Amino acid sequence: MGSKPLEGKTALVTGASRNIGRAIALALSDAGANIIINSLQDRAAAEKVCAEIDVQGTGSLVYVGDVINRDTVRDMVEQGREKFGAIDIFISNASARGQVDFLDMSYEDWRRVIDISLDGAFHCTQAVLPMMIERQWGRIVTLGGIAWHLGMARRANNLAGKAGLTGLTRALAAEFGDRGITSNMISPGAINTERPASAGALPKRDGMPPVPRKGQTSEIASTARFLCLPEQSYINGQIIHINGGAYMGT
(Lines give C-alpha, C1' and ligand atoms only; values in the text may rest on other atoms or scores of the structure.)
Protein backbone atom coordinates (compact mmCIF):
# COMPACT_ATOMS: atom_id res chain seq x y z
CA MET A 1 0.00 0.00 0.00
CA GLY A 2 1.37 3.38 -1.03
CA SER A 3 1.70 6.52 1.02
CA LYS A 4 -1.72 7.72 -0.21
CA PRO A 5 -3.90 4.63 0.33
CA LEU A 6 -7.13 6.63 0.15
CA GLU A 7 -6.28 8.50 -3.04
CA GLY A 8 -9.41 8.91 -5.15
CA LYS A 9 -11.73 8.43 -2.16
CA THR A 10 -13.91 11.14 -0.62
CA ALA A 11 -14.83 11.41 3.05
CA LEU A 12 -17.64 13.32 4.71
CA VAL A 13 -16.65 14.33 8.24
CA THR A 14 -19.33 15.96 10.38
CA GLY A 15 -18.30 18.33 13.16
CA ALA A 16 -14.99 18.75 11.36
CA SER A 17 -14.12 22.36 12.14
CA ARG A 18 -12.22 21.61 15.37
CA ASN A 19 -10.91 19.02 17.81
CA ILE A 20 -11.40 15.33 16.91
CA GLY A 21 -13.31 16.05 13.70
CA ARG A 22 -10.58 18.36 12.42
CA ALA A 23 -7.86 15.84 13.29
CA ILE A 24 -9.70 13.05 11.45
CA ALA A 25 -10.27 15.24 8.41
CA LEU A 26 -6.56 16.06 8.22
CA ALA A 27 -5.52 12.44 8.76
CA LEU A 28 -7.77 11.20 5.96
CA SER A 29 -6.60 14.01 3.69
CA ASP A 30 -2.99 13.06 4.43
CA ALA A 31 -3.90 9.54 3.28
CA GLY A 32 -5.11 10.98 -0.02
CA ALA A 33 -8.86 11.44 0.49
CA ASN A 34 -10.89 14.46 -0.52
CA ILE A 35 -12.76 15.87 2.45
CA ILE A 36 -16.22 17.39 2.89
CA ILE A 37 -15.92 19.49 6.04
CA ASN A 38 -19.21 19.87 7.84
CA SER A 39 -19.67 22.43 10.60
CA LEU A 40 -22.84 23.49 12.38
CA GLN A 41 -22.10 27.22 12.23
CA ASP A 42 -18.38 28.09 12.41
CA ARG A 43 -17.53 28.73 8.76
CA ALA A 44 -14.28 30.53 9.61
CA ALA A 45 -12.93 27.52 11.51
CA ALA A 46 -14.07 25.16 8.75
CA GLU A 47 -12.33 27.31 6.12
CA LYS A 48 -9.10 27.06 8.12
CA VAL A 49 -9.33 23.27 8.01
CA CYS A 50 -10.01 23.54 4.27
CA ALA A 51 -6.82 25.58 3.84
CA GLU A 52 -4.82 22.95 5.75
CA ILE A 53 -6.23 20.23 3.52
CA ASP A 54 -5.40 22.22 0.38
CA VAL A 55 -1.76 22.32 1.51
CA GLN A 56 -1.79 18.53 1.70
CA GLY A 57 -2.82 18.42 -1.95
CA THR A 58 -6.29 16.91 -1.79
CA GLY A 59 -9.67 18.42 -2.53
CA SER A 60 -11.99 19.91 0.05
CA LEU A 61 -15.47 21.33 0.40
CA VAL A 62 -16.90 23.31 3.31
CA TYR A 63 -20.56 22.90 4.13
CA VAL A 64 -22.11 24.75 7.07
CA GLY A 65 -25.37 23.19 8.16
CA ASP A 66 -27.20 21.21 10.80
CA VAL A 67 -27.10 17.44 10.31
CA ILE A 68 -30.43 16.94 12.05
CA ASN A 69 -32.10 18.59 9.05
CA ARG A 70 -32.69 15.95 6.38
CA ASP A 71 -32.91 18.43 3.49
CA THR A 72 -29.69 20.12 4.60
CA VAL A 73 -27.89 16.77 4.66
CA ARG A 74 -29.16 15.82 1.23
CA ASP A 75 -27.99 19.14 -0.19
CA MET A 76 -24.56 18.70 1.43
CA VAL A 77 -24.17 15.20 0.04
CA GLU A 78 -25.33 16.26 -3.40
CA GLN A 79 -22.77 19.08 -3.46
CA GLY A 80 -20.09 16.58 -2.47
CA ARG A 81 -21.21 14.16 -5.18
CA GLU A 82 -21.18 16.89 -7.81
CA LYS A 83 -17.66 17.99 -6.88
CA PHE A 84 -16.00 14.65 -6.20
CA GLY A 85 -18.14 12.06 -7.95
CA ALA A 86 -19.10 10.02 -4.92
CA ILE A 87 -18.70 9.78 -1.15
CA ASP A 88 -16.85 6.66 0.02
CA ILE A 89 -16.28 7.35 3.72
CA PHE A 90 -18.58 8.77 6.36
CA ILE A 91 -17.27 9.88 9.76
CA SER A 92 -20.15 10.59 12.16
CA ASN A 93 -18.52 12.96 14.62
CA ALA A 94 -21.07 15.74 15.13
CA SER A 95 -22.35 15.81 18.70
CA ALA A 96 -23.55 18.11 21.46
CA ARG A 97 -22.61 18.10 25.12
CA GLY A 98 -23.76 20.03 28.12
CA GLN A 99 -24.58 18.98 31.65
CA VAL A 100 -28.09 19.13 33.09
CA ASP A 101 -29.53 17.43 36.15
CA PHE A 102 -31.95 14.82 34.88
CA LEU A 103 -34.96 16.27 36.72
CA ASP A 104 -34.15 19.71 35.33
CA MET A 105 -33.61 18.48 31.77
CA SER A 106 -36.18 19.88 29.38
CA TYR A 107 -37.51 17.79 26.55
CA GLU A 108 -35.75 20.20 24.19
CA ASP A 109 -32.43 19.50 25.98
CA TRP A 110 -33.10 15.78 25.66
CA ARG A 111 -34.08 15.81 21.99
CA ARG A 112 -31.43 18.22 20.69
CA VAL A 113 -28.48 16.19 21.96
CA ILE A 114 -29.95 12.85 20.88
CA ASP A 115 -30.97 14.23 17.48
CA ILE A 116 -27.46 15.42 16.66
CA SER A 117 -25.82 12.12 17.62
CA LEU A 118 -28.43 9.74 16.30
CA ASP A 119 -30.69 11.44 13.77
CA GLY A 120 -27.72 13.25 12.24
CA ALA A 121 -25.95 9.93 11.69
CA PHE A 122 -29.15 8.42 10.32
CA HIS A 123 -29.70 11.20 7.75
CA CYS A 124 -26.06 11.25 6.61
CA THR A 125 -25.76 7.48 6.34
CA GLN A 126 -28.97 7.15 4.35
CA ALA A 127 -27.72 9.85 1.98
CA VAL A 128 -24.27 8.37 1.32
CA LEU A 129 -25.02 4.63 1.40
CA PRO A 130 -26.42 4.38 -2.16
CA MET A 131 -23.07 5.59 -3.52
CA MET A 132 -21.18 3.07 -1.39
CA ILE A 133 -23.50 0.26 -2.48
CA GLU A 134 -23.06 1.20 -6.13
CA ARG A 135 -19.27 0.98 -5.75
CA GLN A 136 -19.43 -2.02 -3.41
CA TRP A 137 -17.03 -0.22 -1.09
CA GLY A 138 -17.47 2.06 1.87
CA ARG A 139 -16.31 2.91 5.37
CA ILE A 140 -18.55 4.22 8.14
CA VAL A 141 -16.94 5.30 11.41
CA THR A 142 -19.02 6.69 14.26
CA LEU A 143 -17.70 8.46 17.36
CA GLY A 144 -19.03 7.22 20.67
CA GLY A 145 -17.51 7.81 24.09
CA ILE A 146 -16.51 6.23 27.34
CA ALA A 147 -19.31 7.90 29.31
CA TRP A 148 -22.15 5.65 28.18
CA HIS A 149 -20.11 2.56 29.04
CA LEU A 150 -19.31 3.79 32.55
CA GLY A 151 -22.45 5.77 33.29
CA MET A 152 -22.32 9.46 34.13
CA ALA A 153 -24.59 11.83 36.00
CA ARG A 154 -26.16 14.88 34.38
CA ARG A 155 -25.64 13.58 30.83
CA ALA A 156 -28.60 11.30 30.26
CA ASN A 157 -29.27 12.78 26.82
CA ASN A 158 -25.68 12.36 25.64
CA LEU A 159 -25.37 8.81 26.94
CA ALA A 160 -28.71 7.78 25.44
CA GLY A 161 -27.70 9.23 22.07
CA LYS A 162 -24.33 7.49 22.03
CA ALA A 163 -25.87 4.19 23.09
CA GLY A 164 -28.32 4.48 20.21
CA LEU A 165 -25.49 5.34 17.85
CA THR A 166 -23.73 2.14 18.88
CA GLY A 167 -26.83 0.17 17.95
CA LEU A 168 -27.05 1.93 14.59
CA THR A 169 -23.36 1.24 13.91
CA ARG A 170 -23.79 -2.47 14.50
CA ALA A 171 -27.03 -2.63 12.53
CA LEU A 172 -25.25 -1.11 9.53
CA ALA A 173 -22.36 -3.55 9.97
CA ALA A 174 -24.78 -6.48 9.87
CA GLU A 175 -26.83 -5.23 6.93
CA PHE A 176 -24.12 -3.97 4.58
CA GLY A 177 -20.99 -5.94 5.47
CA ASP A 178 -21.51 -8.25 2.50
CA ARG A 179 -21.39 -5.28 0.12
CA GLY A 180 -17.87 -4.15 0.91
CA ILE A 181 -19.07 -1.60 3.46
CA THR A 182 -17.76 -1.73 7.03
CA SER A 183 -19.20 0.11 10.02
CA ASN A 184 -17.29 0.60 13.26
CA MET A 185 -17.26 2.90 16.28
CA ILE A 186 -14.38 4.67 17.99
CA SER A 187 -15.06 5.30 21.67
CA PRO A 188 -12.70 7.96 23.08
CA GLY A 189 -11.95 8.51 26.74
CA ALA A 190 -10.73 11.85 28.09
CA ILE A 191 -9.18 13.65 25.11
CA ASN A 192 -7.27 16.91 25.17
CA THR A 193 -9.65 19.17 23.25
CA GLU A 194 -10.88 22.75 23.28
CA ARG A 195 -14.26 22.76 25.00
CA PRO A 196 -16.89 25.47 24.55
CA ALA A 197 -18.49 26.84 27.69
CA SER A 198 -21.75 25.10 26.75
CA ALA A 199 -20.06 21.72 27.18
CA GLY A 200 -19.70 22.22 30.91
CA ALA A 201 -16.82 21.14 33.08
CA LEU A 202 -15.05 17.85 32.48
CA PRO A 203 -16.65 15.08 34.52
CA LYS A 204 -14.75 14.13 37.66
CA ARG A 205 -13.31 10.65 37.85
CA ASP A 206 -11.34 8.95 40.57
CA GLY A 207 -7.65 8.77 39.71
CA MET A 208 -6.07 8.45 36.29
CA PRO A 209 -6.24 5.56 33.83
CA PRO A 210 -3.30 3.14 33.66
CA VAL A 211 -1.91 5.40 30.96
CA PRO A 212 -1.85 8.51 33.19
CA ARG A 213 -2.71 11.31 30.79
CA LYS A 214 -5.36 12.60 28.45
CA GLY A 215 -5.46 11.26 24.93
CA GLN A 216 -4.61 13.38 21.90
CA THR A 217 -6.91 14.06 18.97
CA SER A 218 -4.20 12.62 16.71
CA GLU A 219 -4.61 9.26 18.45
CA ILE A 220 -8.30 9.18 17.59
CA ALA A 221 -7.59 10.36 14.05
CA SER A 222 -4.97 7.71 13.35
CA THR A 223 -7.41 5.01 14.42
CA ALA A 224 -10.09 6.41 12.12
CA ARG A 225 -7.57 6.44 9.27
CA PHE A 226 -6.68 2.81 10.01
CA LEU A 227 -10.34 1.72 9.95
CA CYS A 228 -10.84 3.44 6.58
CA LEU A 229 -7.94 1.73 4.81
CA PRO A 230 -8.85 -0.57 1.91
CA GLU A 231 -7.13 -3.54 3.54
CA GLN A 232 -9.20 -3.25 6.74
CA SER A 233 -12.25 -4.87 5.19
CA TYR A 234 -12.64 -7.51 7.93
CA ILE A 235 -13.00 -5.14 10.88
CA ASN A 236 -16.74 -4.67 11.10
CA GLY A 237 -19.26 -3.93 13.85
CA GLN A 238 -16.58 -3.23 16.45
CA ILE A 239 -16.16 -0.63 19.20
CA ILE A 240 -12.55 0.51 19.41
CA HIS A 241 -11.92 1.96 22.88
CA ILE A 242 -9.19 4.60 23.18
CA ASN A 243 -9.01 5.66 26.80
CA GLY A 244 -5.66 4.67 28.30
CA GLY A 245 -7.28 1.71 30.03
CA ALA A 246 -9.93 3.70 31.90
CA TYR A 247 -12.48 1.23 30.53
CA MET A 248 -11.49 -2.31 29.62
CA GLY A 249 -14.88 -3.80 28.79
CA THR A 250 -16.06 -5.10 25.44
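The values are calculated or read from the model by the stated rules, or taken from the named source; none is laboratory data. Everything numeric in this text was worked out from a predicted model, so none of it was measured. All Cβ positions, glycine included, derive from the backbone under ideal geometry; neighbour counts span all protein chains shown.
What residue, among those in the stretch 1-27 that are among the hydrophobic types (A, V, I, L, M, F, W, C) and more than 23 Å from Lys214 (Cβ to Cβ), is surrounded by the fewest Cβ atoms within 10 Å (Cβ to Cβ)?
Taking the candidates together, the pick is Met1.
Please work out which one of (1) touching a residue at least 12 places away in the same chain (Cβ under 8 Å); (2) within 21 Å of Leu165 (Cβ to Cβ) is the condition Glu231 fails and give its number.
(2)
Cβ-Cβ distance below 6 Å, separation of 6 or more or different chains: which pairs start in the stretch 122-137 with a residue that is under 12 Å from Arg70 (Cβ atoms) and end on one that is assigned to a helix (DSSP H, G or I) and basic (Lys, Arg)?
Between residues of the stretch 122-137 that are under 12 Å from Arg70 (Cβ atoms) and residues that are assigned to a helix (DSSP H, G or I) and basic (Lys, Arg), the close pairs are His123/Arg70; Ala127/Arg74.
Hey, could you check the stretch 148-158 for residues that are of a type in the set (A, V, I, L, M) and either assigned to a loop (DSSP other than H, G, I, E, B) or crowded, with 22+ Cβ neighbours inside 10 Å (or both) and say which is farthest from the chain's Cα centre (by Cα)?
Among those residues, the one meeting the criterion is Ala153.
Asp75 - would you say it is touching a helix residue (DSSP H, G or I) at 6+ places or on another chain (Cβ under 9 Å), among the acidic types (Asp, Glu), in a helix (DSSP H, G or I) and at pLDDT 95 or above? Step through it out loud before you land on a result.
Working: touching a helix residue (DSSP H, G or I) at 6+ places or on another chain (Cβ under 9 Å): no; among the acidic types (Asp, Glu): yes; in a helix (DSSP H, G or I): yes; at pLDDT 95 or above: yes.
No.
In this structure, does Gly32 turn out to be within 23 Å of Phe122 (Cα to Cα), touching a Ser or Thr at 6+ places or on another chain (Cβ under 7 Å) and among the small types (Gly, Ala, Ser)?
So Gly32 fails the test.
Of everything in the stretch 207-228, what is in contact (Cβ under 8 Å) with a residue 40 or more places away in the chain and either in a strand (DSSP E or B) or basic (Lys, Arg) (or both)? Give them in sequence order.
Correct list: Arg225 only.
Determine the pairs where a residue that is within 10 Å of Asn157 (Cα to Cα), located within the stretch 99-112, has a partner that is outside any helix (DSSP H, G or I) and small (Gly, Ala, Ser) with Cβ atoms under 6 Å apart, the partner being 6 or more residues away or on another chain.
Gln99/Gly200
What residue, of Ile133, Ile146, Ile89, is of a type in the set (A, V, I, L, M, F, W, C) and touching a Cys at 6+ places or on another chain (Cβ under 6 Å)?
Ile89
Filter the stretch 58-72 for residues that are part of a strand (DSSP E or B), in contact with a Ser or Thr (Cβ under 8 Å, 6 or more places away or on another chain) and not hydroxyl-bearing (Ser, Thr, Tyr); which is farthest from Ala23 (Cα to Cα)?
Looking at the filtered set, the residue picked out is Val64.
Go through the stretch 1-57 and give me each residue that's assigned to a strand (DSSP E or B), in contact (Cβ under 8 Å) with a residue 40 or more places away in the chain and under 20 Å from Ile116 (Cα atoms). Before you say what the answer is, go through the steps one by one.
Of the residues in the stretch 1-57, the ones assigned to a strand (DSSP E or B) are 10-13, 34-39.
Subsequent filtering for residues that are in contact (Cβ under 8 Å) with a residue 40 or more places away in the chain retains 10-13, 34, 36, 38.
Listed by number, the residues that qualify are Ala11, Leu12, Val13, Ile36, Asn38.
Name the one entry in Ile87, Ile114, Ile140 that is in contact with a helix residue (DSSP H, G or I) (Cβ under 7 Å, 6 or more places away or on another chain), buried (at least 23 other Cβ atoms within 10 Å of the Cβ), aliphatic (A, V, I, L, M) and assigned to a loop (DSSP other than H, G, I, E, B).
Ile87
Kindly provide the set of residues from the stretch 82-99 that are over 12 Å from Thr14 (Cα atoms), touching a Ser or Thr at 6+ places or on another chain (Cβ under 8 Å) and at pLDDT 95 or above, ordered by number.
Residues satisfying the conditions are Phe84, Gly85, Ala86, Ile87, Asp88.
When you look at Leu168, is it more than 21 Å from Ile240 (Cα to Cα), hydrophobic (A, V, I, L, M, F, W, C) and part of a helix (DSSP H, G or I), yes or no?
Answer is no for this residue.
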